[in-house]
Amino acid sequence: MLDPFLRAITYLRVSVTDRCDFRCTYCMAEDMNFLPKSDLLSLEELERLCCAFIGLGVRKIRLTGGEPLVRRNVISLIERLGERLGHGLDELTLTTNGTQLAAHAAALAAAGVKRINVSLDTLDERTFAAITRWGRLGKVLDGIEAAKAAGLAIKINTVALKGVNEDAFDQLIAWCGAQGFDLCLIETMPMGEVMHREETHLPLSAVRTRLAARWTLTPTNYQTGGPARYWHVAETGRRLGFITPLSHNFCESCNRVRLTCTGRLYMCLGQEDAADLRAPLRASDDDETLRAAIRAAIARKPKGHDFDITRVAVPRHMSVTGG
Ligand code: SAM
Ligand code: SF4
């Protein structure tokens, strides 16, 4: 599938639920209104949609959310998609807050998942509780330990927040090095109404300059098909990535689209346009109608986003499309 700018669309991110057991300050309001459960696609419908995308050339699927592992029976979807690995699908992965990993890590590995992203913004218990509002650091660290024991490669994602966790990066770099994890720092994106967005925005260009005074950072060509730019950290032997959507435009190499749990396909994280795939999915058991709707959506993929930290670029929260 080629979009109007001749970018091949090979990566599908699927938000399997917009619900979550955390309320991270930069992601959600404390009193969130979630999508009505009656609007959700069933796991079987999500599988059928994913398989239609695989049939059209998608090689990588990432499950996200909300918190993907809080959706009931989500492991059955992961097992079914895992059966497509080597049959059109090259990689199946997920992004998680880690709270359910102690229970599910072994099943993920058995289904063919090889690497996961775990979000962790600090190693300090009190700061962790303040950022996630409802989270307990110990539970996440136990989950990470279980994932490591199950043989999953782990990348830690850390959202950089001015005045909140900017003193945590050195400790995270050292800890990730000791654990054998890569680390990626993420700049906040203006999605959904949340408190203190502008005050906590921290440009990563300045962070990198500061970290380079303490760590020996060498740029690498490493690519995961995502927007991160990676540096090698000599002292730990691990990679350190930076995702800077506001200060560095990465749209020219965008290979992805995002599906929500109600069957809406967002062609760009930073734009409002979306295509409804639920109606064509339910209209017929014949996948041709669905494939035509997917192709028509890809033909509308915009050139890029339009983020500006001083305003809410898109009113939907990150948990709807999963980042
Ligand atoms: N609940 C899972 C988790 O936290 O990993 C998956 C969904 S979460 C929306 C995916 C990623 O988006 C997380 O790494 C989270 O930190 C990040 N994120 C959420 N809101 C964001 C925002 N406004 N700007 C930048 N990153 C954000
Ligand atoms: Fe939940 Fe992930 Fe959003 Fe935090 S970032 S509230 S864990 S969806």
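Ala153 fulfils the conditions (1) more than 15 Å from ligand 1 (Cβ to nearest atom); (2) touching a helix residue (DSSP H, G or I) at 6+ places or on another chain (Cβ under 7 Å); (3) of a type in the set (A, V, I, L, M); (4) more than 23 Å from Thr200 (Cβ to Cβ) except for a single criterion, (2). Based on this model, can you work out whether Glu125 counts as in contact with a helix residue (DSSP H, G or I) (Cβ under 7 Å, 6 or more places away or on another chain), without any contact (Cβ under 8 Å) to a residue 24 or more places away in the chain and surrounded by fewer than 18 Cβ atoms within 10 Å (Cβ to Cβ)? Answer is yes for this residue. When Gly65 is evaluated against the numbered criteria (1) modelled with pLDDT of 95 or more; (2) within 16 Å of ligand 2 (Cβ to nearest atom); (3) under 18 Å from Val257 (Cβ atoms), which criterion, by number, is the only one it fails? Gly65 satisfies every listed condition except (1).
Yes or no: Asp287 in contact (Cβ under 8 Å) with a residue 24 or more places away in the chain, more than 14 Å from ligand 1 (Cβ to nearest atom), of a type in the set (Asp, Glu) and touching a helix residue (DSSP H, G or I) at 6+ places or on another chain (Cβ under 9 Å)? In short, yes. One residue stands out in region 218-246 among those that are among the hydroxyl-bearing types (Ser, Thr, Tyr) and more than 18 Å from Ala178 (Cβ to Cβ): the one that is surrounded by the most Cβ atoms within 10 Å (Cβ to Cβ), namely Tyr230. Only one of Asn165, Asn221 is within 16 Å of ligand 2 (Cβ to nearest atom), more than 19 Å from the chain's Cα centre (by Cα) and assigned to a loop (DSSP other than H, G, I, E, B); which? Result: Asn165 is the single residue among Asn165, Asn221 that is within 16 Å of ligand 2 (Cβ to nearest atom), more than 19 Å from the chain's Cα centre (by Cα) and assigned to a loop (DSSP other than H, G, I, E, B). Within region 72-98, the residues that satisfy the criterion of being surrounded by fewer than 20 Cβ atoms within 10 Å (Cβ to Cβ) and either within 14 Å of Thr17 (Cα to Cα) or within 16 Å of ligand 2 (Cβ to nearest atom) (or both) are Arg72, Asn73, Ile75.
When residues in region 147-165 are screened for being surrounded by 16 or more Cβ atoms within 10 Å (Cβ to Cβ) and either out of contact with any Cys (no Cβ under 9 Å at 6 or more places or on another chain) or among the charged types (D, E, K, R) (or both), 10 of them pass.
The values are calculated or read from the model by the stated rules, or taken from the named source; none is laboratory data. Because the structure is a prediction, the values reported are computed rather than measured. Note that each Cβ is placed from the backbone with ideal geometry, even for glycine, and that neighbours are counted across all protein chains shown.
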